[in-house]
Structure formats: C-alpha cells, structure tokens
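For reference, the structure is listed below as structure tokens.
The values are calculated or read from the model by the stated rules, or taken from the named source; none is laboratory data. Given the structure is predicted, the values throughout are model-derived calculations rather than measurements. Note that each Cβ is placed from the backbone with ideal geometry, even for glycine, and that neighbours are counted across all protein chains shown. The accessibility values were calculated without ligands, DNA or RNA, using every heavy atom of the protein model including side chains. Shrake-Rupley method; radii C 1.70, N 1.55, O 1.52, S 1.80 Å.
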Amino acid sequence: MSIQSKLVRYIFDRGGDYVAKLLTHNYPRVLMYHRFSDDDGDADRLSGSCFLEQINYLTESFELVSIDEVTANLRQRPKKPRVCITVDDGYKDFYDVAYPILKKYKIPATFYITTDFIDGKTWFWYDRIRWCLEQCSLDDGRELIIKHFRDNYAQFSSTDEIWAYIISNMLSLDPISIEYKISCFCETLGLDIPKYAPDRYKAVSWSQVKEMSSNGITIGAHTLSHYSLGPMEHEEVVSQIKGSKDRIEEMLGVEVRHFCFPNGQPSDIPIDYCSIFQDLGFHSSVVAFYDRKGVQDQFAIRRHGVGSDFYAFKKTACGVDRVGAVLLNRDSKFSWSDL
C-alpha cells in the first residue's frame with residue numbers, strides 16, 4: 001500500500017468517511033455490479049455474503065433509490081445520501097444470489113439485460129473466448145496469441161492474463177470481425193464452442209426476468225448482443241438499442257426507459273448517442289466509469305464499480321471517489337490492457 005493510500009485510510013477511519021458523505025450529500029452514487037456467487041472463494045464473482053454485508057452497511061445510513069428516482073430528482077436535497085444499485089448483462093447468478101437479498105429487504109435495483117443472451121441465441125463473445133482458453137493448456141494460449149496477434153507473449157503466466165490481452169485487442173473490432181477471430185481461435189485449438197452457455201455463463205430466463213420486474217427490479221436494455229457500439233455504423237447502433245428495448249417491452253409489457261452501454265468506456269459511446277436515446281424515448285443511460293461529470297449527462301451517467309474489498313466499497317459509498325474526481329480530476333476509465 002502506498003503512503004498516499006495509507007494516509008487516505010488513516011483519515012477515512014478517523015472521521016473522513018463522515019466528511020466525505022457531507023461533501024457529497026447531494027450526489028447519487030450509482031453502483032455497478034456484474035457477477036455473483038454462493039462461493040466465498042470465487043475470485044471472479046461477488047459472493048452472496050459480501051453482497052449482504054454491503055447491503056446491511058448501505059441500509060444504515062443511505063437512501064437506496066431506483067434509477068428513475070436518480071434521474072427525476074437530481075436537484076432535490078435528500079435527507080440521506082442516495083445510492084442506486086445497477087447490475088449488468090443478464091447472468092442467472094444475479095437471480096440466484098443477489099435478487100433474493102434485494103427482495104427480502106425491499107431494495108430497488110436496475111438489471112440491464114442483453115436480450116439475445118436471454119433468448120438463447122448467443123452467449124457473450126468474451127465468455128466464449130474464456131471458455132476456449134479453459135479447455136487448453138497455458139502453452140496453447142500463448143501460441144494462440146503468437147499466431148493470431150503476431151506477438152510473442154510467452155511470458156504470460158496465466159490464462160487470465162492471456163484472456164485480458166485478447167479482449168483488449170478485440171474490443172475495437174466490429175461484430176463480424178470478432179466472430180471471425182473466434183472461429184479462427186476454435187480452428188487453431190480444435191474446439192467446437194457449445195451453442196448454449198455452460199452453467200457458469202448461463203443467462204436468466206424470461207420467466208425469472210418477469211418475476212424480478214414484478215418485485216422492485218427495473219429492467220433496462222443492454223443491446224441485443226453486447227458488442228461495443230463504438231465501432232458500429234449509426235443504423236446498427238440504433239438496431240442494437242431499439243431491438244433490445246422492443247424485445248423487453250414485448251416480453252414484459254412495460255415501457256423500457258433505461259439503457260446501459262456494453263463495456264461502457266468513452267470509446268464505446270457513439271458520437272450521436274443523445275439524439276438516439278431521445279428519439280427512442282429513453283430517460284437515461286449509464287456508462288462503466290466515473291469522472292467529475294458524475295450524473296450531469298442523463299444519457300451517460302457515471303457509475304462506480306464495486307467488488308469484494310469492503311473498505312474500498314465503503315470509500316465508494318461514502319463519496320471518496322466523488323471527492324477525488326471533483327477535487328483532483330481523478331477518473332476510473334478502464335483498459336483491459338492495464339491488467
């Protein structure tokens with residue numbers, strides 16, 4: 001831990017949390033989640049026990065609100081700092097692990113779903129790549145990079161590192177190019193990817209989505225197939241956003257007002273995104289990073305990612321991230337190549 005980090009923790013533990021909450025009282029913290037697990041030892045997913053600990057902390061001194069309440073009351077001074085829980089993608093583990101906790105405590109949340117995933121038409125391209133790497137040796141993974149990316153990255157010491165490198169080099173590709181790359185990987189490794197996602201990568205069902213929608217969970221659109229919108233032409237962007245919205249409305253019989261950008265970094269956001277969302281009748285959209293703009297742009301609301309580190313979670317909830325963004329111009333823009 002750096003000296004600066006030690007100093008921040010020292011101040012935080014001695015009243016800094018209270019000061020941060022005061023300074024950011026009016027700022028709604030929009031929290032971002034992805035995967036959940038019943039297993040406390042699963043490093044890639046947040047355990048149910050960790051999530052419950054976070055929920056218990058939040059209910060003590062924060063007001064938990066929906067994304068509708070965030071966008072409707074930006075200028076209102078709340079009695080308590082507000083927290084909004086959002087979950088991306090549409091994995092079944094949200095329904096199995098997190099949803100029962102939210103339902104028990106009557107806590108609102110937004111679940112952004114990728115509709116082709118729910119329909120069983122596909123599963124996420126980055127999960128398919130991870131599945132391929134799980135079926136082969138570390139040396140096979142290194143050879144895959146050498147052959148398809150013309151890089152000698154033999155020093156990679158884990159499958160996770162290889163996977164992160166591949167994803168970072170494919171995010172800027174259009175969907176056709178991504179699928180072509182994956183087919184080349186399969187040919188090299190001699191693999192046939194299953195048509196339907198294995199249990200670890202499984203989607204919720206529409207019946208489960210309907211149940212959650214009736215019990216305090218707002219269902220938002222997350223495109224049809226979860227490719228980055230950044231490399232797409234305007235017509236394809238509209239098709240991905242509108243198609244997802246229309247499918248959810250068809251299945252649930254409710255208006256879909258909220259959207260989430262796949263990957264959610266600045267390069268994933270089309271130039272004309274505001275006009276697209278206005279034309280399609282959306283009330284908000286969220287991204288996967290934060291900076292000093294916060295919630296100023298209703299169609300690119302900044303979010304704060306949280307994990308299993310409880311101290312880091314408390315810092316985020318209390319507003320330390322927000323203070324750093326405003327006073328020090330810090331941000332959380334993410335690059336897979338940083339892994």
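Tell me, what is the 1.4 Å probe accessible area of residue 143, in Å² to the nearest 10?
110
Normalised by the residues of the chain, what does the relative contact order come to in percent, with Cα pairs under 8 Å and at least six apart? Don't skip to the end; give the middle numbers.
On the way: 529 pairs, mean separation 70.1, N = 339.
Relative CO of the chain lands at 21 percent.
Out of all DSSP beta bridges with both ends in the chain, state the antiparallel percent to the nearest 5. Intermediate results must be reported in sequence, preceding the final value.
Details: 1 of 27 bridges.
Percent antiparallel among DSSP bridges in the chain is about 5.
Among 213, 112, 56, which residue has its Cα furthest toward the positive end of the charge dipole of the chain, with +1 on Lys/Arg Cβ and -1 on Asp/Glu Cβ?
56
Given the DSSP H assignment, sum -39500 (n - 2.57) over each helix run of at least 4 residues in the chain and divide by its residue total; what's the result at 222 nm in deg cm²/dmol, nearest 500?
Working: 15 runs with 148 residues, N = 339.
Calculated from helices alone, the mean residue ellipticity at 222 nm is -13000 deg cm²/dmol.
Mind listing which trypsin sites (Lys or Arg not before Pro) in segment 1-88 are in a DSSP loop and have 10 or fewer other Cβ atoms within 10 Å? Could the numbers behind the result be given before it?
Working: sites: 6, 9, 14, 21, 29, 35, 45, 75, 79, 82; in loops: 35, 45, 75, 79.
For trypsin sites (Lys or Arg not before Pro) across segment 1-88 that sit outside H, G, I, E and B with at most 10 neighbouring Cβ atoms in 10 Å, the list reads 75, 79.
Using DSSP to define loop residues, name the trypsin sites (Lys or Arg not before Pro) in segment 122-152 whose beta-carbon has at most 11 other beta-carbon atoms within 10 Å. Before the final figure, lay out each step's value.
Numbers: sites: 128, 130, 142, 147, 150; in loops: 150.
Of the trypsin sites (Lys or Arg not before Pro), the ones in loops of segment 122-152 whose Cβ has at most 11 other Cβ atoms within 10 Å are 150.
Would you work out what percent of the accessible area of segment 1-153, with all protein chains in place, is carbon or sulfur (probe 1.4 Å)? Provide the component values of the computation, followed by the final result.
Working: 3580 of 7480 Å².
Carbon-and-sulfur percentage of accessible area, whole number: 48.
Once ligands and nucleic acids are excluded and a 1.4 Å probe is used, how much of residue 25 is accessible, expressed in Å² to the nearest 10?
20
Considering only protein heavy atoms, with the full assembly of protein chains and a 1.4 angstrom probe, order 229, 22 by accessible area, largest first.
On the way: 229 0, 22 100 Å².
Final ranking, largest accessible area leading: 22, 229.
Take every DSSP beta bridge with both residues inside segment 87-239 and express the antiparallel ones as a percent of the total, to the nearest 5. Let's see the in-between values first.
Numbers: 1 of 9 bridges.
Bridges in segment 87-239 are about 10 percent antiparallel.
Averaged per residue, what accessible area in Å² does the chain show with a 1.4 Å probe, protein chains only? Before the final figure, lay out the partial values.
Details: 15970 Å² over 339 residues.
Normalised by residue count, the accessible surface of the chain is 47 Å².
If ligands, DNA and RNA are left out, what is the accessible area of residue 250 with a 1.4 Å probe, given in Å² to the nearest 10?
The accessible area of residue 250 comes to roughly 130 Å².
Compute the separation of the alpha-carbon centres of segment 273-339 and segment 8-75 and state it in Å as a whole number.
13
Keeping every protein chain in place, order 251, 170, 232 by accessible area at 1.4 Å, biggest value first, i.e. largest first.
On the way: 251 50, 170 0, 232 20 Å².
Sorted descending by solvent-accessible area, the residues read 251, 232, 170.
Out of residues 5 or more away from residue 33 or on other chains, whose amide H comes under 5 Å of its own, with H placed 1.01 Å from N in the peptide plane?
Correct list: 86, 87, 88.
Carbon and sulfur: what percent of segment 229-339's accessible surface (1.4 Å probe)?
Values: 2440 of 5020 Å².
Carbon and sulfur: 49 percent of the exposed surface of segment 229-339.
Of the listed values (1) 6, 24, 29, 19, 10, 5, 3, 2, 1, 0, 0; (2) 5, 24, 33, 26, 11, 1; (3) 5, 23, 30, 24, 14, 4, 0, identify the label whose number matches P(r) over Cα pairs in 10 Å bins from 0, in percent calculated from this model.
Label (2) holds the value from this structure.
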